[in-house]
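To start, the structure itself, in structure tokens.
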Amino acid sequence: MRMSRDQWDELLAHAREEAPNECCGYMRLDDGTVAETWRATNERKSPYGYELDPKSLLAANDLDDEGHGVGVYHSHPKSAAEPSQTDINLAHYPHWAYLIVSLAGEPGVRAWRIADGRVEEEEIHVR
């Protein structure tokens, strides 16, 4: 996966603004490159989980239906950018990328593919 430094910085900024709660959003991927990102509302308004608002989830599904790649991101304000068991259980779209923004320690972003309980990291190239 490829993204610009500005996109990377935007994900970190969103996480910082929503802390101590988790933030969330989605993105359009074109040929493995982040083309556009959108902030969503975390319906849970919680530091321990996220739920994309219905309008954002519908928009992400529309991107999928139009043939675009889809990524969903959320933050872990106080833990590593690794999927929790809850994240794994809620990953209902195996062909989507799941990005986690961590504010713990050195802030960063990691991407994951999650399918049938299997978790594989996808490298992010920042350009």
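A few points about this structure:
- Extreme residue, surrounded by the fewest Cβ atoms within 10 Å (Cβ to Cβ), among residues of segment 52-83 that are among the hydroxyl-bearing types (Ser, Thr, Tyr) and more than 12 Å from the chain's Cα centre (by Cα): SER79
- Test: residue in segment 32-39 that is in contact (Cβ under 8 Å) with a residue 40 or more places away in the chain, in contact with a helix residue (DSSP H, G or I) (Cβ under 9 Å, 6 or more places away or on another chain) and aromatic (Phe, Trp, Tyr): no
A quick yes/no check of all residues on (1) under 17 Å from LEU52 (Cβ atoms); (2) among the charged types (D, E, K, R):
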position: LYS78; (1), (2): no, yes
position: GLU82; (1), (2): no, yes
position: LEU99; (1), (2): yes, no
position: GLY105; (1), (2): no, no
position: GLY108; (1), (2): no, no
position: TRP112; (1), (2): yes, no
position: ARG118; (1), (2): no, yes
position: ILE124; (1), (2): no, no
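- Contacts under 8 angstrom Cβ, first residue in segment 101-127 being assigned to a strand (DSSP E or B), partner open to solvent by less than 50 Å² (accessible area, probe 1.4 Å) and acidic (Asp, Glu), 6 or more apart: ALA111/GLU122; TRP112/GLU122; ARG113/GLU122; ILE114/ASP87
- Scanning segment 30-44 for residues that are under 15 Å from HIS95 (Cα atoms) and open to solvent by 50 Å² or more (accessible area, probe 1.4 Å) turns up at least one hit.
- Test: residue in segment 84-99 that is open to solvent by 40 Å² or more (accessible area, probe 1.4 Å) and within 22 Å of ASP6 (Cα to Cα): no
- When residues of segment 1-29 are limited to those that are in a helix (DSSP H, G or I) and crowded, with 21+ Cβ neighbours inside 10 Å, the one nearest to the chain's Cα centre (by Cα): LEU11
The values are calculated or read from the model by the stated rules, or taken from the named source; none is laboratory data. Not measured: the values here are computed from a predicted model. As a convention, Cβ positions derive from the backbone with ideal geometry for all residues, glycine included, and neighbour counts pool all protein chains shown. Side chains included, ligands, DNA and RNA excluded: accessible areas come from the protein's heavy atoms. Shrake-Rupley method; radii C 1.70, N 1.55, O 1.52, S 1.80 Å.
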